[in-house]
1. Taking 8 Å as the Cα distance limit and 6 or more residues as the minimum spacing, I'd like the relative contact order of the stretch 22-73 as a percentage.
2. Hey, could you grab the Kirkwood Rh for the chain? Inverse mean 1/r over distinct alpha carbon pairs, Å, one decimal.
Amino acid sequence: MGFIPPTLCNCSSLVALDLSFNYLTGTIPPSLGSLSKLRDLIMWLNQLHGEISQELGNMESLENLILDFNELSGGMI
């Protein structure tokens, strides 16, 4: 169990992030929205909760967003 550190946004050249099956808890940090080169954000089968951050809409290169099997709420971006 663990959480997604907000400092992950410092990885500005990141193009793919797969954190699936890691028993992550907490919320998705809004700071991930600053990862403008990220194409794939995959975080299914964790224990994430809360609303999906509007800041994720800032990811200009995002092609794949997979958040299944968490306890997230809110509308999709």
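Coordinate-derived values only; no laboratory data. Note that the structure is predicted; figures quoted are calculated from it, not measured.
1. In percent, rounded to a whole number, it is 45.
2. Details: mean 1/r = 0.0815 Å⁻¹.
Result for the chain, one decimal place: 12.3 Å.
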